[in-house]
Amino acid sequence: MHPTHQEVAIHAAILTVSDTRTKDTDTGGQLIHTLLQDAKFEVADYVIERDEPIQILEHVRQWSAQEQINTIIITGGTGFSQRDQTYDAITPLFEKEMIGFGELFRSLSYDEIGPKAMFSRATAGCFKQTAIYVIPGSKNAVNLAMQKLILPTVQHFVGELHRI
């Protein structure tokens, strides 16, 4: 029988990538925070950072080096504007990319917003035994990713990363 890892404790860090949002206006990051707490997962850190690859990578590397953080959720910077650099910064860092995450996210998004869903560069992968999710910054996209993909599977993802 394949393990489900339902007992794995989740300790997450949230990174909102935005040139304009603050903690008061970051509805996506706030929603991630609330949904993680509602699921009885710990939020270890929550930061808003400008869409600058060096700063984005600095947070991810620091969090990945901390034993108590096993999950990082990054929201924002996944589109196609010139300032959208999250995907480009994070994917080279991945030791393994979870291709199905982005595929499923875009498929589910298509049901809600139609063909514009293909412009999302949502993805997931791992770095140093840390689960990393990269999702769009809109509140609707965050809700979709969290409710349908991340919350139901994050314990399994983290459990698999620590399985020998």
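The values are calculated or read from the model by the stated rules, or taken from the named source; none is laboratory data. It should be emphasised that the depicted structure is a prediction, and the values quoted were computed from it without experimental measurement. Using ideal geometry, Cβ is built from the backbone for each residue, glycine included, and neighbour counts are taken over all protein chains shown. To get the accessible areas, we keep the full protein, side chains included, count just its heavy atoms, and leave off ligands, DNA and RNA. Shrake-Rupley method; radii C 1.70, N 1.55, O 1.52, S 1.80 Å.
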- Note on the structure: If amide H atoms are modeled at 1.01 Å from N in the peptide plane, then the residues at a separation of 5 or more from G77, or on another chain, having amide H under 5 Å from its own are G137
- Message: Within 12 Å, Cβ to Cβ, of M118, how many net charges do the neighbouring residues add up to if Lys/Arg are +1 and Asp/Glu are -1?
- Response: +2
- Amide H neighbours of I72 under 5 Å, at least 5 residues apart or on other chains, H built in the peptide plane: list them. A13, A131, I132, Y133
- Considering only the other residues whose Cβ falls under 15 Å of the Cβ of P53, what net charge follows from Lys and Arg at +1 and Asp and Glu at -1? -3
- Taking 0.36 nm per residue of separation between T91 and T27 and subtracting their Cα-Cα distance, the length gained on full extension comes to 20.6 nm
- Let a ≥ b ≥ c be the square roots of the eigenvalues of the Cα gyration tensor of region 16-56; is it rounded (a/c under 1.5), or, if not, prolate (a/b larger than b/c) or oblate? oblate
- Largest to smallest accessible area among K96, K148 [probe 1.4 Å]: K96, K148
- Query: About the Cα centre of the chain, what is the dipole size in debye to 20, counting +1 per Lys and Arg Cβ and -1 per Asp and Glu Cβ, all else neutral?
  - Reply: 200 debye
- Sorting L31, A12, L104 by the position of each Cα along the dipole of the chain (Lys, Arg +1; Asp, Glu -1; all at Cβ), the one nearest the positive end of that ordering is L104
- Task: Of the DSSP beta bridges with both residues in region 39-135, give the percent that are antiparallel, rounding to the nearest 5.
- Result: 60 percent
- Task: State the volume of the convex hull built on the alpha-carbon positions of region 56-149, expressed per residue in Å³ and rounded to an integer.
- Result: 90 Å³
- Task: Describe numerically, in nm with one decimal, the distance between label points set 7 Å from Cα along Cα→Cβ at K139 and at F119.
- Result: 2.0 nm
- Note on the structure: For Cα Rg over 2.2 N^0.38 Å, with candidates (1) 1.29; (2) 1.10; (3) 0.95, the value calculated from the shown model is option (3)
- Message: Apply the Karplus curve 6.51 cos²θ - 1.76 cosθ + 1.60, θ = phi - 60°, to the phi angles in region 57-74 and return the couplings in whole Hz, x for Gly and Pro.
- Response: 5, 4, 4, 4, 5, 5, 5, 5, 7, 8, 4, 6, 9, 10, 9, 10, 10, 10
- Task: Pop out the ³J(HN,Hα) list for region 15-22 in order, Karplus 6.51 cos²θ - 1.76 cosθ + 1.60 with θ = phi - 60°, rounded to Hz; leave Gly and Pro as x.
- Result: 10, 8, 9, 6, 8, 10, 7, 10
- Item | Peptide ranges 36-42, 111-117, 101-107, 127-133 listed from the most packed, as the mean C-beta count within 10 angstrom indicates | 127-133, 101-107, 36-42, 111-117
- Beyond 15 Å, what percent of the Cα pairs of region 55-103 remain? 52 percent
- Rounded to one decimal in nm, the spacing of the 7 Å Cα→Cβ label points at Q129 and H156 is 2.2 nm
- Query: If Lys and Arg each add +1 and Asp and Glu each add -1, what is the summed charge of the other residues whose beta carbon sits under 12 Å from the beta carbon of F101?
  - Reply: +2
- Shape category assigned to region 98-154 from the gyration tensor of Cα positions, a/c cut at 1.5: prolate
